[in-house]
Amino acid sequence: MKIAFVGKGGSGKTTLSSLFVRHLAALGAPVIAVDADINQHLGPALGLGEDQAAALPALGEHLPLIKEYLRGDNPRIASADTMIKTTPPGEGSRLLRVCEDNPVYEKCARSVELDGGAVRLMVTGQFTDADLGVACYHSKTGAVELCLNHLVDGPGEYVVVDMTAGSDSFASGMFTRFDITFLVAEPTRKGVSVYRQYKEYARDFGVELKVVGNKVQGPDDVEFLRAEVGDDLLVTVGHSDWVRAMEKGRPPRFASLEEANRTALERLRSAADASYGRRDWERYTRQMVHFHLKNAESWGNARTGADLAAQVDPGFVLGEGLAVSA
């Protein structure tokens, strides 16, 4: 399952995505965790020290390698230089699997040991002063989108992405790359404002959206969220002494997480598992092509000097049955 965590800045989406990753690891599930937020807090939330988090390889720094590997022998892609973040796979492209070793994971992913297991962690890289006035920071997430376009995951496998805060997630088509999106919202008007924006954008693309109410203190907060988001409210999470200890850098064993919060995380997993059964690979591929053609016309063709519409393989549909090129 491909799962996104979104929400306004300060909503707690990184904390909740890290808890969900820990929950999956404790269950022994294979997990790839991706920090696609320019603030890059997922590593520390998973227990890495500042130096360890800073040493993580940035996906953007290895974009040429990523493009060359994924291009494979696809005859529709003349060179890696003509690939952009939305380039879809086709016959001859190399695909990524969750449970495999490949040059992309070797260079761009690191194993993080957690209670009961380990996960692969990938990060976009920090937004630095050098990016100001030079390139839109959304380009930082381009490598993530390209990898998701070429990733074939199966049931019981999880790709968890901590997305950019707010409605900035819609700067590209990456928001359509997920089986389910968990929107973390506080019980305030500002907290649910991102939900309204996300709901409006997602409606036309069939994006499955569920709200996780965070920092909920009582029935009034639950009632407020229910009135604002209706049946999209999946679960609520309140205060956690475990999280407070984690934020101080002294997390206890994950098994000691409060029972109510462990139950909430299990409901997230159940919802994610159920969403996989509704996956439509043809629609997934069609949306991929839609955003590629849109990006090609608006800027890609001019930037690469190529007709990027020609990269689309009309007979190709991404799916579990496809072999992964060596």
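Over 22 Å between Cα atoms, which of Lys8/Lys67; Lys13/Lys210; Lys210/Lys248; Lys13/Lys248 qualify? Walk me through the numbers on the way to the answer.
On the way: Lys8/Lys67 31 Å; Lys13/Lys210 13 Å; Lys210/Lys248 29 Å; Lys13/Lys248 18 Å.
Cα-Cα > 22 Å for Lys8/Lys67; Lys210/Lys248; rest within.
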Discussion item. Tell me the relative contact order for the chain as a rounded percent, counting alpha carbon contacts under 8 Å between residues six or more apart.
Written reply: 27
Response to the item:
Averaged per residue, the 1.4 Å probe accessible area of the range 1-73, protein heavy atoms only, in Å², is roughly 34
Fill in: Which label in (i) 32; (ii) 26; (iii) 41 gives the computed percent of Cα pairs over 32 Å apart
(ii)
Discussion item. For the chain, take the longest principal axis of its alpha carbons; what is the angle in degrees between that and the long axis of helix 189-203, to the nearest 10 within 0 to 90?
Written reply: 30
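Note the full-extension length gain between Arg226 and Val317 as 0.36 nm times their separation in residues minus their Cα-Cα distance, in nm to one decimal.
Numbers: separation 91, 0.36 × 91 = 32.76 nm, distance 3.83 nm.
Gain on stretching Arg226 to Val317: 28.9 nm.
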Item to complete: Which order do the peptides 221-231, 19-29, 1-11 take when ranked by the mean count of other beta-carbon atoms within 10 Å per residue, highest first?
Response: 1-11, 19-29, 221-231
Fill in: Accessible area (Å², per residue) of the range 151-239, counting only protein heavy atoms and a probe of 1.4 Å
41
Discussion item. Run the simple label-point estimate for Arg253 and Tyr201 please: 7 Å along Cα→C-beta, distance reported in nm.
Written reply: 4.2
Item to complete: Using per-residue counts of other Cβ atoms within 10 Å, averaged over each peptide, order 279-287, 206-214 from highest down.
Response: 206-214, 279-287
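Can you tell me the length gained on complete extension of the stretch His239 to Trp281, counting 0.36 nm per residue apart and subtracting the Cα distance? Numbers along the way, then the final one.
Numbers: separation 42, 0.36 × 42 = 15.12 nm, distance 3.87 nm.
Answer, rounded to one decimal: 11.2 nm.
Counting DSSP beta bridges with both partners in the chain, what percentage is antiparallel, nearest 5? Write out the running numbers ahead of the final one.
Details: 6 of 35 bridges.
Of those bridges, close to 15 percent are antiparallel.
The values are calculated or read from the model by the stated rules, or taken from the named source; none is laboratory data. Quick caveat: nothing in here was measured; it's all calculated off a predicted structure. Note that we place each Cβ from the backbone using ideal geometry, even for glycine, and neighbour counts take in every protein chain shown. We work out accessible area using only protein heavy atoms, side chains counted, and drop any ligands, DNA or RNA first. Shrake-Rupley method; radii C 1.70, N 1.55, O 1.52, S 1.80 Å.
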